[in-house]
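This report concerns only the one structure given below.
The values are calculated or read from the model by the stated rules, or taken from the named source; none is laboratory data. Since the model is a prediction, treat every value here as computed from it, not as a measurement. Neighbour counts run over all protein chains shown; Cβ positions are idealised from the backbone, glycine included. The protein model used for the area step is the full one, side chains on, heavy atoms only, and it has no ligands, DNA or RNA in it. Shrake-Rupley method; radii C 1.70, N 1.55, O 1.52, S 1.80 Å.
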Amino acid sequence: MDRLKESACKQIERLAPRLKSISDSLWERPELGFKEVHANKILVDFLFDEGFSVAPGFVHRTGFKADFSNLKGGPRIGFLCEYDALPDIGHACGHNLVAEVSIAAAKATQVVVKEAGLAAEIVVFGCPAEEGYGGKIDMVRKGAFKDIDIALMAHTYTHDVVCPHLPARITAEVNYTGKCCHAIGAPWQGINALDAVVMAYQSLSHLRQHIKPSNTIHAIITKGGTRLNIIPHETTLQVELRADTMDELTELKRRVIACLQGSALQTGCKVVIDFANHEMKYNLLKNEALSRLYESNGKWLKTSFRSDDYHQTNVMGSSDTGNVSHVVPTIQPAFSVDTDAAIHSTDFMIKAGLPEAQWFALRAAKALAMTALDVIKKPEFLELIKADFDYEMRKDEDGSTK
């Protein structure tokens, strides 16, 4: 490892106690999306103290942007922080560690750039509400990443993956409206919205056997009626769809809407299908050139990656990082915290708060900082990364990723 990368690793080790304190503080006070007031403050305070120019309230009230620039003409490196938690189970996705990794890597890169006299801009984005809505979606829409050359982050997982597969995702709330009446006195006068929502659920279940294995449909009935002796006049279904590409997701959405509308037609109910308040998360566009740099640095740090990383087999879920990847070359490798517990579980939440998780988080931070330095030091790497980005965007647009 060259001298500059070694210096970055030493910076992260030097900061380890403070980084752990930040991660612990986030874990101990989990906050839901767009309510991450404590997390926002503790991360902003750290970056300000470490010499970054910080803009709090960036795009969202609990978002932020922190900049450090050294000389002119160098690449602009973005690091993405996530720090929201899940209802009831806290940091069961490990976002306390995700935020720690990004600020650690950004700080280490900043120090080396300054000491070595390298031209570069380091930008840390505080991205609220990844779970559910997806705060990065609004950030993309408002041009937050238009001047960034690459975007980097690493996410907690059960094992180390260079290129996890993050499919496109969209959710909807579906409301059926019928007519209530006494269930035994005059049921013929009612229009049963519960029948409609049950038929819709069954239709979606039947549709599952006729879609690609990589496409998924999940649904739950959240409102099914109030009293046994009243024909239900209002019911609600929540639906989540995932697919490998945006084109596939659009086609899956069309077929799902047909099922939902058909149930209304058969029962005489009215249906409102609301996708508007549930933003679409794009599939993560892979960038092999940037991923290979991270993989090389990770292996130097003794990270054991899965051999099938570059195929669509390591499905972590969906993320608004995918939206970022459609405007700037982006990677979101996964790092193990030495557990078999699935993310979004109580066991994973417990693991994310243990001292043992710190070693894995710091190793991921080192690999990210080393990758950033590769891009800063060697312009030819950035050319390859941008060429890969252009290639993947063309594939995605002409549908050849299907």
Exercise for the section: For region 217-231, name all the residues that are open to solvent by 20 Å² or more (accessible area, probe 1.4 Å) and either acidic (Asp, Glu) or closer than 25 Å to Thr250 by Cα (or both). Expected result: His218, Ile220, Ile221, Thr222
Exercise for the section: Sort out which residues of region 165-178 are open to solvent by 40 Å² or more (accessible area, probe 1.4 Å) and either in contact with a helix residue (DSSP H, G or I) (Cβ under 7 Å, 6 or more places away or on another chain) or of a type in the set (A, V, I, L, M, F, W, C) (or both), and write them in order of number. Expected result: Thr177
Completion exercise
Of Glu131, Glu115, the only residue that is in a helix (DSSP H, G or I) and out of contact with any Phe, Trp or Tyr (no Cβ under 8 Å at 6 or more places or on another chain) is Glu115
Exercise for the section: Output the qualifying pairs, or none if there are none: Cβ atoms under 7 angstrom, residues six or more apart or on different chains, first residue in region 240-265 and in contact (Cβ under 8 Å) with a residue 40 or more places away in the chain, second residue of a type in the set (Val, Ile, Thr) and open to solvent by 30 Å² or more (accessible area, probe 1.4 Å). Expected result: Arg242/Thr216; Asp244/Thr401; Thr245/Thr401; Leu260/Val271; Leu260/Ile273; Ala264/Val271
Problem - region 186-237: number of residues that are among the hydrophobic types (A, V, I, L, M, F, W, C), touching an Asp or Glu at 6+ places or on another chain (Cβ under 8 Å) and more than 15 Å from Asn175 (Cβ to Cβ) - result: 1
Handout entry: Candidate set: region 179-202, residues that are of a type in the set (Gly, Ala, Ser) and in a helix (DSSP H, G or I); chosen: the one nearest to Ala264 (Cα to Cα)
Key = Ala196
Practice task
Filter the helices (runs of 4 or more DSSP H) completely within region 259-374 down to those with at least 2 residues that are farther than 26 Å from Ile77 by Cα and either open to solvent by 10 Å² or more (accessible area, probe 1.4 Å) or modelled with pLDDT of 95 or more (or both).
Solution key: 346-352
Practice task
Could you list, in sequence order, all residues of region 73-88 that are within 14 Å of Gly132 (Cβ to Cβ) and surrounded by fewer than 24 Cβ atoms within 10 Å (Cβ to Cβ)?
Solution key: Leu86, Pro87, Asp88
Problem - Answer residue from region 232-258, given it is of a type in the set (A, V, I, L, M, F, W, C) and open to solvent by 20 Å² or more (accessible area, probe 1.4 Å) and is farthest from Ala200 (Cα to Cα) among those - result: Met246
Fill in the blank from the handout: Of the candidates Gly117, Gly134, the one satisfying the condition of being surrounded by 24 or more Cβ atoms within 10 Å (Cβ to Cβ) and on the phi > 0 side of the Ramachandran plot is Gly134
Fill in the blank from the handout: Filter region 1-29 for residues that are part of a loop (DSSP other than H, G, I, E, B) and in contact with a helix residue (DSSP H, G or I) (Cβ under 8 Å, 6 or more places away or on another chain); the one that is nearest to Asp374 (Cα to Cα) is Met1
Practice task
Considering every residue within region 203-210, establish whether at least one is part of a strand (DSSP E or B), modelled with pLDDT of 95 or more and among the hydroxyl-bearing types (Ser, Thr, Tyr).
Solution key: no
Problem - Top-ranked residue in region 30-56 [being in a loop (DSSP other than H, G, I, E, B) and of a type in the set (D, E, K, R); ranked as least open to solvent (accessible area, probe 1.4 Å)] - result: Glu36
Handout entry: Number of the exception - Val59 against (1) aliphatic (A, V, I, L, M); (2) open to solvent by 10 Å² or more (accessible area, probe 1.4 Å); (3) part of a strand (DSSP E or B)
Key = (3)
Handout entry: Considering residues of region 62-72 that are in a loop (DSSP other than H, G, I, E, B) and under 22 Å from Val113 (Cα atoms) only, the residue most open to solvent (accessible area, probe 1.4 Å)
Key = Lys72
